[in-house]
Amino acid sequence: MTGQDGRPPHPPGEPAPVPWPRTGPGQSGDQGDPPVSPPLRLSPKVLLTEPIKMLPSLFLPLAGVLFVGGFSPGSFFWAALGVAGSVAYAVVRWATFTYQVVGDRLELTRALVSRSVRTIPLERVRGVDVSNPPLHRLLGIAVLKIDTGAGGEDKQEGELDGVTVAEAERLKAMLLRHARAGAARRTTDLEGGPETVAAPAYGQEVSAPVRHAPAERVLFVVPRRWLAYGPLSGAYLLTPFALAAGAVGLAFQWGNELRIDGRFVVGAGEWIWDHPVVLLVALVLLVLAMPVAGGVMYAVFNWDFTLRVREGYLVAERGLLTRRSVSLERRRVRGFELVEGIAERWAGVARAWAVVTGLGDSQTRGQLLPVVPKAKALDVIGEAVGPAISRLRPHPPVARRRRLFRAVFPWLLVAVCAGAAALTWSPLWWMPTVAALLLAVLGVPLGLDRYRSLGHAYDGTRLSVRSGSLRRSQAVIEERAVVGWKLTQTPFQRQARVLTVTAGVGAGSGGYSAFDVGETQGVAFAAEVTPAWLAPFLLTEPQERK
């Protein structure tokens, strides 16, 4: 008994073999060209998801046709014709798109009007993301996105929107395994090894001299009771205000199509403004809804967050409605970034992102942990990436004066201007004067906290920089990730004899800065990490190590 490809089926209960791509034109294997499988298409179920995805862009035109036609039979006919056209377009897109592994590359072919082929070398695959939006989960299909380390430009990456879940997992395993095999072959070639890694025959597992590690190991699963930390994240807290602003915007945008007079919307806004009690109640309701909305949004995006190690990759899975799996190649991880908001610091929790070379959308795809207790975050990061550097070198006292000045002086200036307006123009200006003075007073502890957050360190293999107060961020970067240094001084910094030292890194945000370090201290820090680079520019070897 044989399968559709002429090979005997694998035994029940055993994982299906990962087929090696067929040899391309002009290439030959040791045992001849393996069988060639036909190009594959997406699941036909995308014919249901594609028209639904088009509905938001079709809603306004269809509503306009119905309103203009007075809901007559003719208007319904034209609206139905538009829906049928979108379905036909989805059918044509599905029928003209194929994907196929050819030799050492993945080819995505589109032949709608003109034929276009996107080629992705397997050796450039850095990660594979699998996500399941709600409708896809209902239909049993998934979205597979291939990260090629192309700097986050979607046009240079591949996406298969609508493969079955089983096919997505098969492709993910195959692509990641071949990527690891290609990396091992490149390492063998660079080390000048006498043996090379040959491509296995069709249907065989990829074998390569890779590091022996457990197939899969779960590092951490976020307990559901920790969803209570969601409201501490500022981004989620603003959800009620974002929804209110979106509702007002939709009212203005759809006013004409839905025959809602714009003057009615403006009049309603003026009435609410003229009744401050109603406005105050609305604001109180929005504020009270902030923690609830924050907890809900945190749960939607980070439900059952799981971090595991799988065959040389860090795999993060999360999501309630849309389940997403992101794979990060561990050998490309260069460090991590630990972030704490002011409310998160008060509660003793933090978030973490991996610093990975060639990773686009790192704020989403590079997330290692959501909001969890800081002690646990450090333990998990230490096991997944490496330990943090706890003892940082303080910055000179002049940095404290600069932070106090920047936190207090602008509000004092506003208070002086508003007070002058209140004395010469209208007493109403006393309200912003008092508010500015209050913010200036609050700027004192804020400036002091900003200074306490400053710090940098180097332990011989990794460097670390930290800054911020409302959003304090500490980055820990491997020495090998540093590709350059930038030392900058503003006129005010030059007068204070401090500077900003930025370590250029080919990963993450591209650079991590130590602000307001002493001139000698900053140069010594850079020279300590990469002494050979700065030696030609130094008259004498720095003696001070602060």
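The values are calculated or read from the model by the stated rules, or taken from the named source; none is laboratory data. These figures come from a predicted structure and were not determined experimentally. Note that each Cβ is placed from the backbone with ideal geometry, even for glycine, and that neighbours are counted across all protein chains shown. Heads up: the accessible areas ignore ligands, DNA and RNA and are worked out on the full protein's heavy atoms, side chains in. Shrake-Rupley method; radii C 1.70, N 1.55, O 1.52, S 1.80 Å.
Here is a list: Ser473, Ser513, Ser469. Which entry is under 30 Å from Ala352 (Cα atoms) and in a loop (DSSP other than H, G, I, E, B)?
Of the residues listed, the single one that is under 30 Å from Ala352 (Cα atoms) and in a loop (DSSP other than H, G, I, E, B) is Ser469.
What helices (runs of 4 or more DSSP H) lie completely within the stretch 339-456 and have 2 or more residues being open to solvent by less than 20 Å² (accessible area, probe 1.4 Å), touching a residue at least 24 places away in the same chain (Cβ under 8 Å) and farther than 30 Å from Ser327 by Cβ?
Ranges flagged: 397-424, 430-453.
What are the residues in the stretch 98-132 that are at pLDDT 85 or above and more than 19 Å from Leu42 (Cβ to Cβ), if any?
Pro121
Please determine whether any residue of the stretch 141-162 is polar (S, T, N, Q), open to solvent by less than 60 Å² (accessible area, probe 1.4 Å) and at pLDDT below 80.
Scanning the stretch 141-162, I find at least one residue that is polar (S, T, N, Q), open to solvent by less than 60 Å² (accessible area, probe 1.4 Å) and at pLDDT below 80, so the answer is yes.
Name the residues in the stretch 476-503 that are assigned to a strand (DSSP E or B), farther than 26 Å from Lys374 by Cβ and among the charged types (D, E, K, R), would you?
Lys486
Kindly evaluate Ser469 against the criterion of being under 17 Å from Pro394 (Cβ atoms), among the small types (Gly, Ala, Ser) and touching a helix residue (DSSP H, G or I) at 6+ places or on another chain (Cβ under 7 Å).
yes
Quick test of your reading of the structure: Thr306 fulfils all but one of (1) more than 28 Å from Leu243 (Cα to Cα); (2) touching a Leu at 6+ places or on another chain (Cβ under 8 Å); (3) surrounded by fewer than 22 Cβ atoms within 10 Å (Cβ to Cβ). Name the failing condition by number.
(2)
Determine if the stretch 534-544 includes at least one residue that is part of a strand (DSSP E or B) and surrounded by 12 or more Cβ atoms within 10 Å (Cβ to Cβ).
No, the stretch 534-544 has no match at all.
Are any residues in the stretch 506-519 open to solvent by less than 30 Å² (accessible area, probe 1.4 Å) and either touching a Gly at 6+ places or on another chain (Cβ under 6 Å) or free of Cβ contacts under 8 Å to residues at least 12 places away in the same chain (or both), and if so, which ones?
Passing the criteria: only Gly511.
Does Arg334 meet the test of being assigned to a strand (DSSP E or B) and among the basic types (Lys, Arg)?
Yes, satisfied.
Which of the residues spanning the stretch 457-500 are within 18 Å of Glu337 (Cα to Cα), open to solvent by less than 20 Å² (accessible area, probe 1.4 Å) and not hydroxyl-bearing (Ser, Thr, Tyr)?
Ala457, Leu463, Val465, Ala475, Val476, Ile477, Ala481, Val482
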